[in-house]
Amino acid sequence: MIVPASNLRYKGSSRGRTLLRSLMLALLLGGGAWVVYVAQQISEVADHDEAQQADAIAVFGAAEYRGRPSPTFHFRLDHAVDLYRRQIAPIVITLGGGSDKDSGNTEGAVGRDYLLANGIPFGNIIAETHSMDTEQQVQRLAAIAREYNLRHIVVVSDGTHLFRIRELCRDAGLDVYTSPRATVGHLSSYDLVMRYIHEIVSYAASKLHLDIGWPRRWLAGEEDI
């Protein structure tokens, strides 16, 4: 019995669609599992303060408004001041540049001025004023660590930001301890979800060496890098 060619084409097409659906399902399941894993890592790092004796404290920048730290940056800097007063490290590094809209102000310089106003001597502060995002801040921090022979660094930022910072620092050869700034006020479920989405997308982009451009800037909002 001769099978019509049309039937063979139909069976081949059916097998192809089944294989494609199976592949798409496997990708979705794998991607979903990876997202859950990263979210768990973000949560674990955010809930754990590793601050201990180190060579320096590095404060990752956030927005500044006309020479004054934004609330988010303010709380990060306050946490760094507290760590310094506890003698966790003798040096505090402030990270972050500025854009054309900042009238010459930079996050690093604003952070330095805030630390000076809170009693930390000028000679104990290193202000980095050129980086424009988290990846660049880590690169600048690595360069500063090499220049000043800093072997162990406590990194300060928002809790949800610290997992990505830690991984980028490790990739840059830095030995860091994460220390989240205090959570002040109520954070809505929506804001928390958006922070997680931002960090997961940004972490994925860094691992894949992608520049996701405006979606990452939109997800970051006005406060965080």
Long-range amide H partners of E64, meaning residues 5 or more apart or on another chain whose placed amide H is closer than 5 Å, are S70
Relative intensity, log₁₀ I(q)/I(0), of the chain from a Debye sum that treats every alpha carbon as a point, q = 0.17 Å⁻¹: -1.21
Taking a ≥ b ≥ c as the square roots of the eigenvalues of the Cα gyration tensor of segment 56-185, is the shape rounded (a/c under 1.5), prolate (a/b larger than b/c) or oblate? rounded
Apply the membrane-span-like helix rule to the chain: whole DSSP H runs, Cα extent along the own long axis of at least 30 Å, mean Kyte-Doolittle hydropathy at least 0.0. List the helices found. 5-46
Tell me which residues come under 5 Å, amide H to amide H, from D175 once H is placed; ignore anything under 5 positions away on its chain. I153
Which of H198, H161, H186 has the fewest Cβ neighbours within 10 Å, and the rest in rising order: H186, H198, H161
For segment 41-158, what does the relative contact order come out to in percent, with C-alpha contacts under 8 Å and a separation of six or more? 34 percent
Please rank M24, M132, fewest neighbouring Cβ atoms within 10 Å first, as an exposure proxy. M24, M132
Net lengthening on full extension, A182/S99 (0.36 nm per residue, minus Cα-Cα): 27.1 nm
Roughly how many Å is it from the Cα centre of segment 25-58 to that of segment 114-172, as a whole number? 19 Å
Report the full-extension gain for the segment N149 to R170: residue separation times 0.36 nm, less the Cα-Cα distance, to one decimal in nm. 5.9 nm
Normalised by the number of residues in the chain, what is the relative contact order in percent for Cα pairs under 8 Å and 6+ residues apart? 23 percent
So for R0 = 25 Å, FRET eff. of Y190-A33 from the Cβ-Cβ r, to 0.05, ends up at 0.55
Could you line up T129, T183 from fewest to most neighbouring Cβ atoms inside 10 Å? T183, T129
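Quick note: the coordinates plus some simple rules give every number you see, no bench work behind them. Here the structure is a predicted model, which means the values were calculated and not measured. Positions of Cβ are generated from backbone atoms using ideal geometry, with glycine treated the same way; all protein chains shown enter the neighbour counts.
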